[in-house]
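Worksheet: one structure, shown below.
The values are calculated or read from the model by the stated rules, or taken from the named source; none is laboratory data. Fair warning: this is a prediction, and the values are worked out from it, not measured in the lab. Don't worry about glycine lacking a Cβ; one is built from the backbone with ideal geometry, like all the others, and counts go over all protein chains shown. Heavy atoms of the whole protein, side chains included, go into the accessibility calculation; ligands, DNA and RNA do not. Shrake-Rupley method; radii C 1.70, N 1.55, O 1.52, S 1.80 Å.
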Amino acid sequence: MRMRQIPALLAAATLSLSAHAASADRWDVPVHVKKLDNGLTVIVTEDHSSPTVGVSVVYRVGMRLEPKNRTGFAHLFEHLMFQGTPNAPKGVFDKTITTGGGRNNGSTRADFTNYIETAPASALDAILWLEADRMKTLDFNEKTLKNQQDVVKEEIRVNVKNQPYGGFMWIDIGQHAFQKWENNHDGYGSFQDLEGASLDDVRAFHRDYYGPNNAVLAIAGDVTPQQGYALAKKYFGAIPKRATPAPGDFSEGLNTAEKRVEQSDALAQVPALAAAWKMPARGSKDQAPMAVLGELLAGGDASLLYQGLVKGRELALNLSPLYGLTGPWEYDGPTLFTVFSMYKPTSSADAVLAAMDEEIAKVARDGVDAATLQRVKTAMLADWYNKLESYINRADTLAKLQTLWGDAKVVNKIPGWIEGVKSEDIQRVAATYLTKANRTVIDRKPAPKEAPAAPAAAPASATK
């Protein structure tokens, strides 16, 4: 992801859920989908609450599909997409959108790369022209490539190498939990591999993965489906489809023996651990129960693990969940449910893990009471709808769901899946996935501090 961030909720692109709610507790997002002749899938969700729009273009390419010996290449390419084209030189993309009050960004994940914008509705033509322009081609040149190689390397220095814990809970953990290279390499990138990327690599990557038939365009906000489709056809319709390499087999079964790794961290002040379990496959009957179980165990201060480890036993200092680099609904290959926790120096990784196992065993044995389960579901539904309030997030969610599930209307199915999870489903997934055999653990400890050197002895004074 480029280093500047987008606020999670943009005031100019929000709506009042009450204006759209079909009932007090249910709101269906309007979803209109059409495919152009060149294979581009176009989604429009109409909402005139604000004279603004959100746009997302998602390409079905991410870290899993980057070339071997080119770790971080998909991430590098995301940066290159902002470096200009023959028709819109470097700076034009950002300037066109931001000078009108809009914002834009992009990010790379295992299974997709997304590019997002929000702006007044009057800027929609310009945004779509810019996105279509860089789908056609980029300004490929050695100077730009070298510059962005350096930018990505600096991003890695800032976010990983010079940070305590260094992202071990989302970078290193996968290297040990997964068997296949596509799943376990560092998608952020190694300096050696980044430097090895050539202009030919860049041209081939754009040709192979950035065609319209490998993309989904979603538009949310102050636009009708007819207007959205017409604009998409106007700007993208003439771009020819391009052959896309068939994806490999990334599937992996659950692990059968626990993996334990100990690391040293010169920047850390207290020890920390990451405990990760392989998740159910996307679309399986266990996906929704696993999402609810993750919230039950680690979703905030009321969660079982927080209350049990931070508050109750006072072993840990904090606790938070991760679902790879995405969320519990946005993956299309092996991913992890990870619990990250900094723990007290007077405690140990074994003590923290034993406490986790005790809480998980209770759930697997006894399930969860109705009131707690309802509280967890309500929190999840609130988070889901809150995320969809902003047009930029709504467009991006629809584009990602279409890319990964082949059906953007999953956006309206997820609330029902959450509501349908029963206590026995929670028990089943806890007993199936959150086992010691399926667990990978990294224990990250502060490096021993070097003792200060003894002062040199003063030279003996000379006497006459």
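Identify all residues within segment 128-151 that are closer than 30 Å to residue 323 by Cβ and surrounded by fewer than 21 Cβ atoms within 10 Å (Cβ to Cβ); write none if there are none.
At the first step, the residues of segment 128-151 found to be closer than 30 Å to residue 323 by Cβ are 131, 134-135, 148-149, 151.
Once the filter is applied, which keeps residues that are closer than 30 Å to residue 323 by Cβ and surrounded by fewer than 21 Cβ atoms within 10 Å (Cβ to Cβ), segment 128-151 yields 149, 151.
Condition first: open to solvent by 20 Å² or more (accessible area, probe 1.4 Å), within 17 Å of residue 446 (Cα to Cα) and outside any loop (DSSP other than H, G, I, E, B). Now tell me which residues in segment 335-372 satisfy that.
Selection gives 340, 342, 350.
In segment 50-84, which residue that is hydroxyl-bearing (Ser, Thr, Tyr) and open to solvent by 10 Å² or more (accessible area, probe 1.4 Å) is nearest to residue 105 (Cα to Cα)?
Of the residues in segment 50-84, the ones hydroxyl-bearing (Ser, Thr, Tyr) are 50, 52, 56, 59, 71.
Filter once more, keeping what is open to solvent by 10 Å² or more (accessible area, probe 1.4 Å): 50, 52, 71.
Numbers: 50: 21, 52: 17, 71: 22 Å.
The extreme case among them is 52.
Please determine, by comparing only the residues of segment 64-82 that are among the aliphatic types (A, V, I, L, M) and not in a loop (DSSP other than H, G, I, E, B), which one is farthest from residue 92 (Cα to Cα).
By that ranking, first place goes to 65.
All but one of (1) part of a helix (DSSP H, G or I); (2) within 28 Å of residue 159 (Cα to Cα); (3) open to solvent by 30 Å² or more (accessible area, probe 1.4 Å) hold for residue 227; state the number of the condition that does not hold.
The one condition residue 227 does not meet is (2).
Table: residues versus (1) under 13 Å from residue 333 (Cβ atoms); (2) assigned to a loop (DSSP other than H, G, I, E, B).
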residue: 249; (1), (2): yes, yes
residue: 255; (1), (2): no, yes
residue: 264; (1), (2): no, no
residue: 267; (1), (2): no, yes
residue: 275; (1), (2): no, no
residue: 288; (1), (2): no, no
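Kindly indicate the residue of segment 253-300 that is of a type in the set (Val, Ile, Thr) and more than 30 Å from residue 447 (Cβ to Cβ) and also surrounded by the most Cβ atoms within 10 Å (Cβ to Cβ) among those meeting that condition.
Among those residues, the one meeting the criterion is 292.
What's the total number of residues in segment 373-419 that are open to solvent by 20 Å² or more (accessible area, probe 1.4 Å), closer than 19 Å to residue 282 by Cα and in contact with a Phe, Trp or Tyr (Cβ under 7 Å, 6 or more places away or on another chain)?
The total comes to 1.
Residue under question is residue 125, and the condition is that it be surrounded by fewer than 22 Cβ atoms within 10 Å (Cβ to Cβ) and under 22 Å from residue 390 (Cβ atoms); does it hold?
yes
Of these, 167, 187, which one is touching a helix residue (DSSP H, G or I) at 6+ places or on another chain (Cβ under 6 Å), without any contact (Cβ under 8 Å) to a residue 24 or more places away in the chain and either on the phi > 0 side of the Ramachandran plot or not polar (S, T, N, Q) (or both)?
167
I need the full set of residues from segment 421-450 which are within 11 Å of residue 293 (Cβ to Cβ) and assigned to a loop (DSSP other than H, G, I, E, B), in order please.
Across segment 421-450, the qualifying residues are 421, 434.
Could you grab me the full set of residues in segment 311-334 that are among the charged types (D, E, K, R) and either in contact with a strand residue (DSSP E or B) (Cβ under 8 Å, 6 or more places away or on another chain) or surrounded by 22 or more Cβ atoms within 10 Å (Cβ to Cβ) (or both)? Quick ask: steps written out before the conclusion?
Taking segment 311-334 and keeping what is among the charged types (D, E, K, R), we get 311, 313-314, 330, 332.
Across segment 311-334, the qualifying residues are 330, 332.
If residue 418 passes every condition in (1) part of a strand (DSSP E or B); (2) closer than 20 Å to residue 279 by Cβ but one, which one does it miss?
Just one mismatch for residue 418, condition (1).
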